[in-house]
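Enquirer: Here you go, one structure.
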Amino acid sequence: MLRVGLTGGLGSGKSTVAGYFRELGAQLIEADEMGRALMEPGHAVYDEIVEVFGPEVVRADGKLDRARLAELAFRGGRLDELNAIVHPAVIEAQGDWMRAVFARDPKAIAVVESALIFEVERDARLRGESEGVLSYWRRRFDRVIVVTAPDDLKIARYVAKISPGGWDDKVAADARSRLARQLDDESKASRADFVLENAGDLAALRAQAEAVWRQLVELNNNSAASELIQ
């Protein structure tokens, strides 16, 4: 079995790469999707968010008002509070998911797509957390893949996604603000096992993904062979 982290900054194209890996045979889960599910009513994460941020983040239907929560977190300077609630639960759920995957198929390659693998570690250590799941998240993966792209291209992709009607200066400013809170590509690449460069040519990006996938399969096969020998 092989545990792989797939990361990259906002607008880098990591979701596109995730789709390629899924097509190639990876078992894959998105951290954002898992986080959204845990923030639904009935989950402990939901209860803690309401307790910490108050009833103003709850809509009339009982679900979280994500826009208001995002405003409090990003513009209100409370992002660390939100992350401290959501990230440990997401990482625990990822572990459960991986164990279930490997129980079904011991030779599987399990990929977790997450934008913040390195940032979660950084922020935990800045808070003085020298031990624990957040400060050593990188170690929970056997290999980490980073998708990089020029910042201008990242911003343009984000604006196109959020504002399909055309360029929006406010959305672009939001993208720059989000990127500023993330580690730069050079820092991530220095800690990654594989780097995929996404300058906009999807054929080239897929070719890189396929080359990395072949290496992951070889690594996984060699690991399985070593276990048999032992």
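The values are calculated or read from the model by the stated rules, or taken from the named source; none is laboratory data. Worth saying up front: this structure is predicted, and the values here are computed from it rather than measured. Here Cβ is always computed from backbone atoms with ideal geometry, including for glycine, and neighbour counts include all displayed protein chains. Note: areas computed on protein heavy atoms with side chains; ligands, DNA, RNA excluded. Shrake-Rupley method; radii C 1.70, N 1.55, O 1.52, S 1.80 Å.
So that you can scan it fast, the table gives a plain yes or no per residue for (1) of a type in the set (A, V, I, L, M); (2) at pLDDT below 95; (3) under 16 Å from G11 (Cα atoms); (4) open to solvent by 50 Å² or more (accessible area, probe 1.4 Å):
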{"site": "D123", "(1), (2), (3), (4)": "no, yes, no, no"}
{"site": "S130", "(1), (2), (3), (4)": "no, yes, no, yes"}
{"site": "R140", "(1), (2), (3), (4)": "no, yes, no, yes"}
{"site": "E197", "(1), (2), (3), (4)": "no, no, yes, yes"}
{"site": "I229", "(1), (2), (3), (4)": "yes, yes, no, yes"}
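Enquirer: Further question on the same structure: What's the number of the only condition in (1) part of a helix (DSSP H, G or I); (2) open to solvent by less than 50 Å² (accessible area, probe 1.4 Å); (3) not charged (D, E, K, R) that G62 fails to meet?
Expert: Here G62 clears every test but (1).
Enquirer: Now, a different point. With respect to D47, is the statement that it is free of Cβ contacts under 8 Å to residues at least 12 places away in the same chain, among the acidic types (D, E) and in a helix (DSSP H, G or I) true?
Expert: In short, yes.
Enquirer: Using the structure shown, decide if D32 is at pLDDT below 95 and out of contact with any strand residue (DSSP E or B) (no Cβ under 9 Å at 6 or more places or on another chain).
Expert: Here the answer is no, as D32 does not meet what is asked.
Enquirer: Sort out for me the helices (runs of 4 or more DSSP H) sitting completely within the stretch 97-214 that have 1 or more residues that are farther than 21 Å from V17 by Cα and in contact with a helix residue (DSSP H, G or I) (Cβ under 6 Å, 6 or more places away or on another chain).
Expert: It comes to 117-126, 169-181.
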